[in-house]
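The values are calculated or read from the model by the stated rules, or taken from the named source; none is laboratory data. Quantities reported herein were computed from a predicted structural model and do not represent experimental measurements. Backbone-built Cβ (ideal geometry, glycine too); neighbour counts: all protein chains shown.
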Amino acid sequence: MVNLKVPYRPIIAYRSIRPSDLVVLEKLHSELFPIRYESEFFHNVVNSRDIVSWGAVDRSRPNAQSDELIGFITARIVSAKESEVSLDGLGGH
């Protein structure tokens with residue numbers, strides 16, 4: 001039975017995503033996004049190849065779960081010329 005008088009207070013921490021996160025990252029990604037990504041994308045994320053990534057973990061979870069991803073963010077930095085964004089509205093040429 002859960003004691004409702006004691007509120008659960010997660011201890012959220014942030015860390016780099018690493019190769020051991022691959023399976024959980026793919027699972028979370030498939031649950032959150034409608035687009036299916038190639039496995040190469042996930043391998044690039046966990047190995048920091050051209051993608052900046054950070055993971056969120058709940059340190060208050062028991063045992064090995066305290067380091068398991070509960071969230072993530074990934075970003076790729078590209079020049080405007082390489083992007084799919086039109087420069088017309090941005091004052092570009």
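Quick notes on this structure:
- The selection criterion, being surrounded by 11 or more Cβ atoms within 10 Å (Cβ to Cβ) and at pLDDT 85 or above, holds for S53.
- Residue count for region 12-37, restricted to those that are β-branched (V, I, T) and either within 13 Å of the chain's Cα centre (by Cα) or surrounded by 13 or more Cβ atoms within 10 Å (Cβ to Cβ) (or both): 3
- Yes/no for E40 being on the phi < 0 side of the Ramachandran plot, surrounded by fewer than 13 Cβ atoms within 10 Å (Cβ to Cβ), at pLDDT 90 or above and not aliphatic (A, V, I, L, M): yes
- If you go through region 43-57 and keep only what is over 10 Å from the mean Cα position of the chain (by Cα) and of a type outside the set (K, R), you end up with H43, N44, N47, S48, D50, I51, V57.
- Search result, residues across region 14-68 that are part of a helix (DSSP H, G or I), within 28 Å of E82 (Cβ to Cβ) and β-branched (V, I, T): V45, V46
- Among the residues of region 56-83, the ones that are within 12 Å of I11 (Cα to Cα) and either surrounded by 12 or more Cβ atoms within 10 Å (Cβ to Cβ) or charged (D, E, K, R) (or both) come to 9 in all.
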